[in-house]
Amino acid sequence: MAVDAHAQAEGGSAEETVRRRDLAVRAAVEQGLLNEETPLLCLLDTAGIRASAAALTSAFDRALAPGTPVLHAFAVKAAPLVPVLRLLADAGLGCEVASPGELALARAAGVPPERIVLDSPAKTAAELREALALGVAVNADNRQELERLDALVAAAAPASPIGVRINPQTGAGTIGALSTATATSKFGIALRDPGARAWLVRAYLDRPWLTRLHTHSGSQGVPLALIAEGVRELYALAEEINTAAGRRQVDTLDIGGGLPVNFASDAATPTWTEYVGELRSAVPGLFSGAYGLVTEFGRALTAKHGLVLSRVEYTKSTGGRAIALTHAGVQLLTRTVYAPAAWPVRILPYSAKGTPLTGPLIPQDIAGPACFAGDLLAAARELPPLSPGDLVCVPDTGAYAFTAHYGYNSLPRPPVHGFTVTPSDEVRFRLARAAQSPSAIPPEAGAATPDALL
């Protein structure tokens with residue numbers, strides 16, 4: 001598929017992203033955010049996040065029939081920080097939540113219930129009652145949940161739009177653990193299982209309050225064509241239900257999210273325009289205005305706009321291998337440490353003054369602080385020689401990384417700052433999440449009840 005001017009514009013901001021990043025790293029040192037007392041911090045490029053949100057909304061707006069209702073709901077699990085949700089809400093996005101905690105975060109960010117979608121394969125009756133009372137959209141995952149909703153709807157007319165999640169069973173991408181449309185995925189009602197399609201049509205005919213259909217066929221490692229195939233299956237089922245009903249019962253299609261992210265370079269690919277183009281080729285009726293749309297993107301909106309910055313505490317050589325010991329490890333990049341082949345990250349070296357580090361390249365391990373041998377962000381990575389006090393920067397970490405801290409070794413959560421760059425290249429930081437002090441950890445670990453097990 002040819003890439004049009006809009007797609008080129010989306011992918012052409014890599015130089016500006018790099019420029020802002022270099023300015024932010026140097027400013028973090030110069031302004032004292034990174035020092036011996038605070039050797040680790042995380043940064044979010046607010047201009048980059050806003051640009052991603054604008055590119056998403058404009059790509060769909062250009063393709064959709066005028067007046068088509070559309071809600072782009074950010075997948076909260078990708079970056080569960082209230083200031084991030086607030087920033088995206090200010091950019092016009094809602095929230096997709098998958099737990100009571102995520103719903104609480106969305107509400108704390110001021111996102112109105114009508115701009116929130118609840119997805120989870122294991123919602124309790126209490127969670128469903130709360131969502132229906134608030135007017136939060138609900139996607140039922142399975143037959144038993146639909147039966148639970150029958151009772152709740154009978155007791156009180158819902159204020160929420162309600163749909164059913166299907167698994168189109170269209171196949172896996174390159175990362176099995178993230179592939180949600182396999183033959184045996186735990187999510188949704190399997191569309192190709194014997195009798196399932198006919199049961200779904202009848203379920204809708206018997207429940208006029210079911211007005212949405214949902215699928216999520218994309219994720220990291222899933223090609224655009226395979227994502228579009230899942231959406232095509234969703235659209236075809238909606239048409240079948242509405243034909244059987246003799247009316248437009250299904251009025252909204254929730255097509256999920258899962259646009260993959262390029263972690264190999266600063267280029268933001270694939271672009272939103274490429275994704276929409278793939279959908280238009282595979283499912284042209286999706287853009288006719290016959291259905292409202294909901295999307296649920298997460299990683300692709302924020303990943304490339306976050307970075308981890310750590311001082312190198314020590315360096316050493318073991319068995320002929322150079323090792324840089326840093327404060328950034330499994331607690332921030334859990335997937336990389338436990339599945340490095342699926343989730344490799346780039347390591348960008350900077351001097352102690354925050355300037356890009358250059359020099360002859362040698363293989364080095366970039367190690368984290370956790371007490372197990374596998375806590376490595378990179379093994380035998382070719383980098384200029386690192387010394388104590390130098391900095392390592394890990395870009396593309398604005399989703400599923402430092403935003404959701406992993407408490408291994410009771411390592412405290414680092415501070416998270418958003419940053420903006422003025423036209424005169426002044427970098428301004430705003431604290432989005434304060435550093436966790438060591439004294440805050442015992443209360444979370446039962447310090448109030450020390451004798452409970454005696």
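The values are calculated or read from the model by the stated rules, or taken from the named source; none is laboratory data. Quantities reported herein were computed from a predicted structural model and do not represent experimental measurements. Counting neighbours? That spans all protein chains shown, and the Cβs are built from the backbone with ideal geometry, glycine included.
Taken over segment 356-372, the residue count meeting the criterion of being β-branched (Val, Ile, Thr) and either farther than 24 Å from Val29 by Cα or outside any strand (DSSP E or B) (or both) is 2. I'm trying to understand the selection: among the residues of segment 133-144, which are in contact with a helix residue (DSSP H, G or I) (Cβ under 9 Å, 6 or more places away or on another chain) and surrounded by 22 or more Cβ atoms within 10 Å (Cβ to Cβ)? If the condition is that a residue be in contact with a helix residue (DSSP H, G or I) (Cβ under 9 Å, 6 or more places away or on another chain) and surrounded by 22 or more Cβ atoms within 10 Å (Cβ to Cβ), then Val136, Ala137, Val138, Ala140 are the ones that fit. In segment 270-303, of all residues being among the β-branched types (Val, Ile, Thr) and outside any helix (DSSP H, G or I), the one that is surrounded by the fewest Cβ atoms within 10 Å (Cβ to Cβ) corresponds to Val283. In this structure, is Asp425 closer than 18 Å to Val84 by Cβ and outside the structural domain of Val84 (by TED's automatic domain parsing)? No. Just so you know, in segment 54-93 the residues that are within 22 Å of Leu332 (Cα to Cα) and in a loop (DSSP other than H, G, I, E, B) include one that is farthest from the chain's Cα centre (by Cα), and it is Leu81. Filtering segment 7-45 to residues that are small (Gly, Ala, Ser) and at pLDDT 95 or above leaves Ala24, Ala27, Ala28, Gly32.
Here are Ala244, Ala267: which of them is under 25 Å from Thr68 (Cβ atoms), surrounded by fewer than 22 Cβ atoms within 10 Å (Cβ to Cβ) and touching a helix residue (DSSP H, G or I) at 6+ places or on another chain (Cβ under 7 Å)?
Details: Ala267 fails: under 25 Å from Thr68 (Cβ atoms).
From the options Ala244, Ala267, the qualifying one is Ala244.
Among residues of segment 344-357 that are among the aromatic types (Phe, Trp, Tyr), those with a beta-carbon under 9 Å from a residue that is in a loop (DSSP other than H, G, I, E, B) at least six positions away or on a different chain give the pairs Tyr350/Leu357; Tyr350/Asp390.
Scanning segment 334-386 for residues that are among the basic types (Lys, Arg), out of contact with any Pro (no Cβ under 7 Å at 6 or more places or on another chain) and within 26 Å of Gly407 (Cα to Cα) yields one hit, Arg335. Given the residues Leu128, Leu134, Leu93, Leu103, which is the only one that is in contact (Cβ under 8 Å) with a residue 24 or more places away in the chain, within 22 Å of Asp396 (Cα to Cα) and not polar (S, T, N, Q)? The conditions single out Leu93.
Scanning segment 245-259 for residues that are at pLDDT 90 or above and in a loop (DSSP other than H, G, I, E, B) yields Gly246, Arg247, Arg248, Gln249, Val250, Asp251, Ile255, Gly256, Gly257, Leu259. Restricting attention to segment 432-454, the residues that are touching a residue at least 12 places away in the same chain (Cβ under 8 Å), assigned to a loop (DSSP other than H, G, I, E, B) and among the β-branched types (Val, Ile, Thr) total 0. Scanning segment 301-335 for residues that are modelled with pLDDT under 95 and more than 21 Å from Leu361 (Cβ to Cβ) yields a single hit, Arg335. Within segment 374-424, the set of residues being closer than 21 Å to Gln31 by Cβ and surrounded by fewer than 17 Cβ atoms within 10 Å (Cβ to Cβ) comprises Gly389, Thr420, Thr422, Pro423, Ser424.
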